[in-house]
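The values are calculated or read from the model by the stated rules, or taken from the named source; none is laboratory data. Keep in mind that this is a model prediction, so the values were computed, not measured. All Cβ positions, even for glycine, are placed from backbone atoms using ideal geometry, and neighbour counts span all protein chains on display. Ligands, DNA and RNA are excluded from the accessible area calculation, which covers all protein heavy atoms including side chains. Shrake-Rupley method; radii C 1.70, N 1.55, O 1.52, S 1.80 Å.
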Amino acid sequence: MDPSKQETNQKKASKTMAKKETQEFQFVVYNTMTQQKEVFKPKTPGKVRMYVCGVTAYDFSHLGHARAAVSFDVLYRYLKHLGYEVTYVRNFTDVDDKIIRRANETGADPISLSDRYCKEYNIDMSDLQCLSPTHEPCVSDHMEQIKDMITQIINKDFGYVVDGDVFFAVDKFPNYGKLSGQKLENNRAGERVAVDSRKRNPSDFALWKAAKPGEPSWDSPWGPGRPGWHIECSAMSAHYLSFKFDIHGGGLDLIFPHHENEIAQSCAACEESDVSYWMHNGHVTNNNEKMSKSLGNFFTIRQITERYHPLALRYFLINAHYRSPLNYSVVQLEGASDAVFYIYQTLKDCQDALLQLQEEMPNDGKPARISPDAKECISKLRNEFQVKMSDDLSTSLILTGAFLEALKLVNNLLTMLKKKQQKQQRLLVIQSLKEVEKEVTKILDVLGLQLPCSYNEALLQLKEKALTRAGLVEDDVIRLINERAEVRRNKDFLKSDQMRAHLQAKGIALMDVGTETIWRPCVPVQQESGIVPSEGQKVPPKPETAEECRS
């Protein structure tokens with residue numbers, strides 16, 4: 001088939017699928033503009049255009065950045081799952097006061113400094129399994145689009161020039177404040193610079209800043225300078241998505257003044273400018289205080305992933321609704337790590353079993369016959385996933401309930417395979433196992449928790465992180481296992497229990513399976529209580545281990 005025709009057919013199929021999904025149920029999202037949940041309807045059937053504000057790249061990214069990225073990555077994945085063709089734009093701010101200050105402190109070139117941290121950010125995003133956006137524009141590469149938009153704003157009398165600076169005249173825009181409900185006089189607190197007496201109104205904000213010695217600058221009709229903070233997103237979203245698109249996202253702290261100013265700029269440049277849904281993720285807090293670089297109470301993504309597997313961090317982030325506050329907590333991270341270990345151990349055992357049983361599976365093309373329990377499990381799993389995800393991406397409610405029941409059924413089916421059965425009954429168990437595992441991995445894929453490597457590799461990585469947190473190496477654990485085995489042979493069971501408890505306090509669980517003792521990570525016992533999760537956040541249930549389920 002001609003490649004162009006094949007691509008056209010794929011796009012038609014994508015539209016048909018998206019339409020079918022929408023007819024079956026309604027995807028509802030919370031719109032900050034209307035402050036209510038609304039049925040999602042894209043401007044163009046079958047296609048979604050989405051812009052999300054990215055990071056100001058002058059340092060390693062922190063947990064708050066991770067939350068925003070993962071929240072909108074889940075949305076991106078889910079829209080693709082529904083069959084939509086999604087154009088996803090997430091920008092990098094590489095021209096900014098903070099970048100210039102950091103560059104001056106280190107003696108680096110501001111653009112080179114920012115480029116380095118853009119690359120570091122993308123490494124973190126890859127570790128967290130965030131899909132790459134369709135476009136990742138940088139401010140420094142879009143000066144012409146920014147200057148063109150500023151010119152349009154000035155020509156329509158919404159902007160004015162003072163000594164090479166250009167300001168937006170908020171008095172000229174009667175709808176200013178419609179997103180946030182903020183009054184004009186409150187805009188001063190949200191600005192990144194002190195109030196300028198040259199402004200007509202103290203709330204007016206900079207579109208273009210005249211060049212200062214030692215700062216990067218670009219030529220413009222108003223003299224050399226650089227863009228203000230807000231104009232970049234208006235210009236780049238219009239360039240890649242037009243003035244009318246479906247979703248604009250970002251952190252809660254961007255509602256005012258950044259997104260409010262974006263709306264004013266975009267509407268001033270083009271009266272028909274329109275974003276259908278404004279979506280914002282909640283803050284990450286540390287001891288119930290917003291985590292931010294300016295407060296110095298933040299953890300970088302790297303600091304966390306040095307001790308916890310990146311997908312344990314991702315699990316932690318989606319285990320709260322994206323709009324709710326999320327309090328940083330070691331106990332939550334330990335629970336998330338424990339949960340993903342259980343998931344991957346169960347799926348590894350399932351995969352290993354199915355690989356060994358390949359010859360027993362029919363290859364006649366007929367639909368697989370599965371047990372009533374498996375049918376009920378799959379039906380419940382699909383329904384619960386569909387209902388919760390379609391309700392404003394309620395990911396925190398998906399990783400419990402039917403999902404855990406499905407994992408438990410997988411372990412039960414694996415146990416059944418160890419028992420003697422008639423051929424037909426055994427085949428029923430094998431096919432049931434295969435179909436349940438297939439549904440579980442579909443959900444993990446949409447949530448971004450499906451592994452890029454083998455389950456075995458991930459389990460080894462999780463164990464290595466647990467050893468790091470415990471301050472041990474595997475040889476230490478093996479030595480203690482051998483010492484405990486000797487103690488047990490001497491029937492000193494009290495000391496045996498004490499040795500086991502000592503390791504468990506460090507997050508290492510010993511498990512006696514027959515005559516062998518193995519180990520796996522666990523939640524350290526001293527961290528199992530005493531920390532209350534933030535509202536809207538669920539503590540991952542302490543699952544039975546795969547070994548315990550089948551013993």
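Yes or no, residue by residue, for (1) open to solvent by 10 Å² or more (accessible area, probe 1.4 Å); (2) part of a strand (DSSP E or B); (3) among the polar types (S, T, N, Q):
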{"position": "237", "(1), (2), (3)": "no, no, yes"}
{"position": "245", "(1), (2), (3)": "no, yes, no"}
{"position": "256", "(1), (2), (3)": "yes, no, no"}
{"position": "261", "(1), (2), (3)": "no, no, yes"}
{"position": "267", "(1), (2), (3)": "yes, no, no"}
{"position": "272", "(1), (2), (3)": "yes, no, no"}
{"position": "277", "(1), (2), (3)": "yes, yes, no"}
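If you check 404, 354, 317, which single one turns out to be touching a Leu at 6+ places or on another chain (Cβ under 8 Å) and in the same structural domain as residue 435 (by the TED database)?
Only one candidate qualifies: 354.
Restricting to the stretch 113-128, count the residues that are of a type in the set (Ser, Thr, Tyr) and open to solvent by 70 Å² or more (accessible area, probe 1.4 Å).
Qualifying residue count for the region: 1.
With the condition kept exactly as written, say whether any residue in the stretch 352-371 is of a type in the set (A, V, I, L, M, F, W, C), open to solvent by less than 10 Å² (accessible area, probe 1.4 Å) and touching a Lys or Arg at 6+ places or on another chain (Cβ under 7 Å).
Looking for residues that are of a type in the set (A, V, I, L, M, F, W, C), open to solvent by less than 10 Å² (accessible area, probe 1.4 Å) and touching a Lys or Arg at 6+ places or on another chain (Cβ under 7 Å), one finds none in the stretch 352-371, hence no.
Residues of the stretch 380-414 being farther than 29 Å from residue 40 by Cβ, open to solvent by less than 10 Å² (accessible area, probe 1.4 Å) and touching a Pro at 6+ places or on another chain (Cβ under 9 Å), which ones?
407 - this is the single residue of the stretch 380-414 that is farther than 29 Å from residue 40 by Cβ, open to solvent by less than 10 Å² (accessible area, probe 1.4 Å) and touching a Pro at 6+ places or on another chain (Cβ under 9 Å).
For the stretch 498-551, how many residues meet the condition of being basic (Lys, Arg) and either modelled with pLDDT of 50 or more or crowded, with 17+ Cβ neighbours inside 10 Å (or both)?
4
For the stretch 228-246, how many residues are charged (D, E, K, R) and under 20 Å from residue 98 (Cα atoms)?
1
(1) crowded, with 24+ Cβ neighbours inside 10 Å; (2) out of contact with any Leu (no Cβ under 9 Å at 6 or more places or on another chain): which one isn't true of residue 330, the others all being true?
Checking residue 330 against (1) crowded, with 24+ Cβ neighbours inside 10 Å; (2) out of contact with any Leu (no Cβ under 9 Å at 6 or more places or on another chain), the one that fails is (1).
Failed condition for residue 83, given (1) open to solvent by 50 Å² or more (accessible area, probe 1.4 Å); (2) over 20 Å from residue 249 (Cα atoms); (3) not hydrophobic (A, V, I, L, M, F, W, C), with all others met?
Only one criterion is unmet by residue 83, namely (1).
Residues of the stretch 488-497 being surrounded by fewer than 19 Cβ atoms within 10 Å (Cβ to Cβ), in a helix (DSSP H, G or I) and either on the phi > 0 side of the Ramachandran plot or not basic (Lys, Arg) (or both), which ones?
Within the stretch 488-497, 493, 494, 497 meet the criteria.
Here are 388, 408, 375: which of them is at pLDDT 95 or above, under 19 Å from residue 81 (Cβ atoms) and assigned to a helix (DSSP H, G or I)?
388
Rundown of residues vs (1) under 39 Å from the mean Cα position of the chain (by Cα); (2) at pLDDT 95 or above; (3) closer than 30 Å to residue 127 by Cβ, yes/no style:
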site	(1), (2), (3)
420	no, no, no
432	yes, yes, no
436	yes, yes, yes
442	yes, yes, yes
448	yes, yes, yes
459	yes, yes, yes
463	yes, yes, yes
466	yes, yes, yes
476	yes, yes, yes
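State which residue is nearest to the chain's Cα centre (by Cα) when the search covers only the stretch 94-111 and only residues that are surrounded by fewer than 15 Cβ atoms within 10 Å (Cβ to Cβ) and charged (D, E, K, R).
My answer is 101.
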